[in-house]
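Accompanying notes for the structure given below.
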Amino acid sequence: MDRIRYVVADDHQLFLKGFILLLQRIKSRFTLECVGEATNGQELLRLISPEEVDLLFLDLNFAETDASALIPRLKEMHSNLKILCVSMYTDDKVVRETLRKGADGYLSKNTDLTELAEAIESVMNGEMVLGKDIKITNPDKKPINQAINLNRFNAKYQLTKREKEILELIAKGKSNKDIASMLFISKDTVSVHRKNLMKKLNVKNASGLIKVAYDFNLI
């Protein structure tokens with residue numbers, strides 16, 4: 001894909017217009033083309049269609065609405081749509097819930113231009129993205145429940161040790177390049193494992209992998 005047709009959804013006009021201008025400064029192998037702006041849910045749903053939009057930049061709280069509630073519907077309308085949330089909220093629970101609903105990435109509004117450009121490329125390449133200042137933890141997870149969930153997960157999906165390692169790193173927002181460096185393997189090998197994981201877990205993208213991991217409380 002050489003061209004990315006995108007929509008920005010945010011109810012703050014100054015941020016919305018400024019964000020679009022910022023995107024015009026990005027130097028990438030992709031050509032970014034703005035095809036719509038939305039300041040409320042109705043406008044957003046009207047703009048999204050398979051023929052027009054490849055990527056949605058979504059603020060989570062616009063027009064006094066929890067925009068994350070729209071994510072499953074947007075994905076149902078357009079399964080190939082990539083959704084990159086750009087929000088001032090970095091709370092662990094908010095991030096987790098947004099990813100569970102199907103978002104492909106999550107950035108804070110403190111993200112710089114370089115990180116934004118890298119996030120766009122990663123998301124469009126099918127990777128799940130978390131901003132550098134987004135941290136996912138689970139301090140309330142009970143060891144006994146974790147063990148039970150892990151046993152259920154292992155019995156159902158039969159993943160190899162390496163696949164489990166890669167799934168955990170994907171869930172933490174690591175790119176193929178990051179995973180390859182951390183595990184001392186090639187990016188191509190990571191890509192093969194990622195495809196095998198999606199096949200075994202019967203999902204189509206990285207956000208699907210994350211949802212399965214969260215459903216079993218593994219991450």
Selection from the stretch 34-80 of residues touching a helix residue (DSSP H, G or I) at 6+ places or on another chain (Cβ under 6 Å) and closer than 17 Å to residue 206 by Cβ yields 58
Restricting the stretch 97-140 to residues that are touching a helix residue (DSSP H, G or I) at 6+ places or on another chain (Cβ under 7 Å) and of a type in the set (Asp, Glu), the one surrounded by the fewest Cβ atoms within 10 Å (Cβ to Cβ) turns out to be 97
When the stretch 1-24 is checked residue by residue, the ones that are more than 15 Å from residue 57 (Cβ to Cβ) and assigned to a loop (DSSP other than H, G, I, E, B) are 1, 2
Go through the residues of the stretch 181-193 one by one and say whether even a single one is crowded, with 17+ Cβ neighbours inside 10 Å and in contact with a strand residue (DSSP E or B) (Cβ under 8 Å, 6 or more places away or on another chain). no
Subset of the stretch 157-177, residues at pLDDT 85 or above, among the charged types (D, E, K, R) and crowded, with 17+ Cβ neighbours inside 10 Å, comes to 163
Quick count over the stretch 77-97, residues being over 25 Å from residue 135 (Cβ atoms) and modelled with pLDDT of 85 or more, is 4
Scanning the stretch 160-186 residue by residue, those closer than 16 Å to residue 200 by Cβ and touching a residue at least 24 places away in the same chain (Cβ under 8 Å) turn out to be 162, 163, 166, 167, 168, 170, 171
Of the residues in the stretch 1-48, those that are among the polar types (S, T, N, Q), loosely packed, with under 13 Cβ neighbours inside 10 Å and more than 27 Å from residue 114 (Cβ to Cβ) come to 42
When the stretch 72-125 is checked residue by residue, the ones that are in a helix (DSSP H, G or I), touching a strand residue (DSSP E or B) at 6+ places or on another chain (Cβ under 8 Å) and small (Gly, Ala, Ser) are 119, 122
>> Residues that are exposed (fewer than 14 other Cβ atoms within 10 Å of the Cβ), farther than 14 Å from residue 10 by Cβ and of a type in the set (Gly, Ala, Ser): does the stretch 79-96 have at least one?
In response: yes
Checked against (1) touching a Lys or Arg at 6+ places or on another chain (Cβ under 7 Å); (2) surrounded by fewer than 18 Cβ atoms within 10 Å (Cβ to Cβ); (3) more than 18 Å from residue 125 (Cα to Cα), residue 68 satisfies every condition except (2)
When (1) assigned to a strand (DSSP E or B); (2) surrounded by fewer than 20 Cβ atoms within 10 Å (Cβ to Cβ) are applied to residue 57, the one that fails is (2)
Checklist entry - Could we say that residue 42 is in the same structural domain as residue 58 (by TED's automatic domain parsing) and without any contact (Cβ under 8 Å) to a residue 24 or more places away in the chain here? => result yes
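The values are calculated or read from the model by the stated rules, or taken from the named source; none is laboratory data. Just so we're clear, the structure is a prediction, and the values are computed from it rather than from any experiment. As a convention, Cβ positions derive from the backbone with ideal geometry for all residues, glycine included, and neighbour counts pool all protein chains shown.
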